[in-house]
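Engineer: Let me give you the structure first, and then I'll get to my questions.
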Amino acid sequence: MRLAEFKLERYFARYEFSVPHLLCASDCESMSVRDLLAMEPGAGDALHDLWLGYTESAGHPALREQIAALYEGIGPEQVLVHAGAEEAIFNLMNVLLGPGDHAIVHTPCYQSLFEVARAAGCRVDPWEAREDAGWALDLDTLRRALRPETRLVVVNCPHNPTGYVMPGEAFAELVALSQERGFLLFSDEVYRGLEADPRDRLPALCEVDPRGVSLGVTSKSYGLAGLRIGWVATRNAPLLARLAAFKDYTTICSSAPSEFLAALALRHGPEIVARNRALIRDNLAALDAFFRRHEDRFCWTPPRAGPIAFPSLRQGDVEAYCDELVSGAGVLLLPGTTYGPYERNFRIGFGRGTFAAGLRAWEDHIHAH
């Protein structure tokens, strides 16, 4: 297997932990271990007494029970824990796809959602969302792209990087199309729960599709990226067994402290997510006002969910603009070229408590130039 360089991760490696204003983070505000333990009496003592041997490969039963409780009609035995979403994506693509297979991936997207499949020898085509259509997905475009050898379609709602959420009717139509044409659906749902309007929230794919796979993680909606805990949930028992066997060649099992802390966080998940939703709401209001003040410079499609969006420059090259901004103001935006041929778009993140300071530094730079 030969994987292409991960453009987004290499870009972050240059700046993420040194730039004064990280204004393109994809996750929400995090917390300390101390603050997380304080959410539950006795949690600190339980962590101190934790046995640091191997953990169960599928995930600790208490953690899988908490994950299963996030879904309707899913039991702990239908959950497989991974080291973040990245391992789950890598394993699924390698289990499902190979030479002669065809996959279609909702784009723009996190690079591993298509790159791993391509490296496995699969032909991959984009199901492209367009800015001039409000980043909406068109099901007729998908139908035209389907081939007899199409084995997998990847959808990401709420969407990274645009914040798009598919309407419920269209999502139901997509599930029906999967059952009619025989391809499997893989639904990246790592921002589920962060919809601006809760009425826009889609059902999890694993709840409505007996073959489909839902992807979740503690990194995004919960802001606990340092735990490195992700999962897949599915009622597709044969596929889940194959994924569990493949995992023996990647991480085998997860970190015991991470599993303990992830289960604790999920027991208090509504409180954590509510805090992050409030932060996103306030930051997004400030961002909307910013783009209204500078509508001569930027095109802005407000996101419907999540802590990120994908605006664009009205003119100019985005890589040059991002370079100028980080060097001149210490403000890091993520150029759209890390996602593909998006030469004017950039990702902005507004899920953290430091957002207001970064936005002020950006606006000061605009006024100075």
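Engineer: For Leu139 and Glu9 in the same chain, what is the full-extension length gain: residue separation times 0.36 nm, less their Cα-Cα distance, in nm?
Structural biologist: Full-extension gain reported as 43.7 nm.
Engineer: With the convex hull built on the Cα atoms of the stretch 52-268, state its orientation-averaged projected area in nm².
Structural biologist: 11.4
Engineer: Working out 0.36 nm times the residue gap between Arg2 and Gln315, then minus their Cα-Cα distance, what length gain in nm do you get to one decimal? Could the numbers behind the result be given before it?
Structural biologist: Values: separation 313, 0.36 × 313 = 112.68 nm, distance 3.59 nm.
Additional length available on full extension: 109.1 nm.
Engineer: Are there GluC sites (Glu not before Pro) in the stretch 1-74 that DSSP puts in a loop and that have at most 15 other Cβ atoms within 10 Å, and which ones? Provide the component values of the computation, followed by the final result.
Structural biologist: Working: sites: Glu5, Glu9, Glu16, Glu29, Glu56, Glu65, Glu72; in loops: Glu5, Glu16, Glu29, Glu56, Glu72.
Passing both the DSSP loop test and the Cβ count: Glu5, Glu16, Glu56, Glu72.
Engineer: Now, a different point. Please list, in order along the stretch 326-336, the HN-Hα scalar couplings obtained from phi with the Karplus expression 6.51 cos²θ - 1.76 cosθ + 1.60 (θ = phi - 60°), rounded to whole Hz, x for Gly and Pro.
Structural biologist: Working through the residues one at a time gives 6, 7, x, 10, x, 10, 9, 9, 9, x, x Hz.
Engineer: List the relative contact order of the stretch 52-268 as a percent without decimals, with contacts defined as Cα pairs under 8 Å and 6+ residues apart.
Structural biologist: RCO, the stretch 52-268: 28 percent.
Engineer: A further question on this structure: Taking the stretch 273-330, which trypsin sites (Lys or Arg not before Pro) meet the DSSP loop condition and have no more than 16 other C-beta atoms within 10 Å?
Structural biologist: Loop-located and lightly packed - Arg297, Arg314.
Engineer: Tell me the label only: which of [x] 22, 35, 22, 18, 4, 0; [y] 17, 23, 19, 16, 10, 7, 4, 2, 1, 1, 0; [z] 29, 59, 12 is P(r) over Cα pairs in 20 Å bins from 0, in percent as calculated from this structure?
Structural biologist: [z]
Engineer: For the chain, which span is the longest to avoid every loop-located (per DSSP) member of chymotrypsin sites (Phe, Trp or Tyr not before Pro) having at most 14 other Cβ atoms inside 10 Å?
Structural biologist: The longest such stretch corresponds to 55-248.
Engineer: Report, in deg cm²/dmol and to the nearest 500, the calculated mean residue ellipticity at 222 nm for the chain, where each DSSP H run with n ≥ 4 adds -39500 (n - 2.57) and the sum is divided by the residue count.
Structural biologist: Calculated mean residue ellipticity at 222 nm is -12000 deg cm²/dmol.
Engineer: Another one. Could you pull the Cα extents of the stretch 47-136 along its three principal axes, largest to smallest, in whole Å?
Structural biologist: Answer, in whole Å and largest first: 53, 33, 27 Å.
Engineer: Within the stretch 121-197, report the trypsin sites (Lys or Arg not before Pro) that DSSP leaves as loop and that have at most 16 other Cβ atoms within 10 Å.
Structural biologist: Numbers: sites: Arg123, Arg130, Arg143, Arg144, Arg151, Arg181, Arg192; in loops: Arg130, Arg192.
Of the trypsin sites (Lys or Arg not before Pro), the ones in loops of the stretch 121-197 whose Cβ has at most 16 other Cβ atoms within 10 Å are Arg130.
Engineer: Tell me, what HN-Hα J-couplings in whole Hz come from the Karplus equation 6.51 cos²θ - 1.76 cosθ + 1.60 at θ = phi - 60° for each residue of the stretch 266-275, using x for Gly and Pro?
Structural biologist: Working through the residues one at a time gives 5, 5, 10, x, x, 5, 5, 5, 4, 4 Hz.
Engineer: Determine which residues of the stretch 199-228 fall in the zone a paramagnetic label at Thr251 would reach in this model, i.e. backbone nitrogen under 13 Å from the point 7 Å along Cα→Cβ.
Structural biologist: In the stretch 199-228, the label zone of Thr251 (backbone N under 13 Å from the point 7 Å along Cα→Cβ) covers 216-219, 225-228.
Engineer: Something else now. Around Ala129, which amide H atoms from residues at least 5 apart in sequence, or from another chain, sit under 5 Å from its own amide H, with H modelled in the peptide plane?
Structural biologist: Placed amide hydrogens put Thr107 under 5 Å from Ala129.
Engineer: Rounded to whole Hz and in sequence order, give me ³J(HN,Hα) for the stretch 134-149 from the Karplus expression 6.51 cos²θ - 1.76 cosθ + 1.60, θ = phi - 60°, writing x for Gly and Pro.
Structural biologist: Computed from phi, the couplings for the stretch 134-149 are x, 6, 6, 8, 10, 5, 5, 4, 5, 4, 5, 7, 5, 10, x, 8 Hz.
Engineer: Relative contact order for the chain: what percent, with Cα pairs under 8 Å and sequence separation of 6 or more?
Structural biologist: In percent, rounded to a whole number, it is 25.
Engineer: Moving to a separate point now. Find the centroid of the Cα atoms in the stretch 334-360 and in the stretch 177-250, then give the distance between the two in whole Å.
Structural biologist: Cα centres, the stretch 334-360 to the stretch 177-250: 25 Å.
None of the figures in this text is laboratory data; all of them are computed from the coordinates on show. Since this is a predicted model, take the numbers as computed values, not measurements. With ideal geometry, Cβ positions are generated from the backbone for all residues, glycine too; neighbour counts draw on all protein chains shown.
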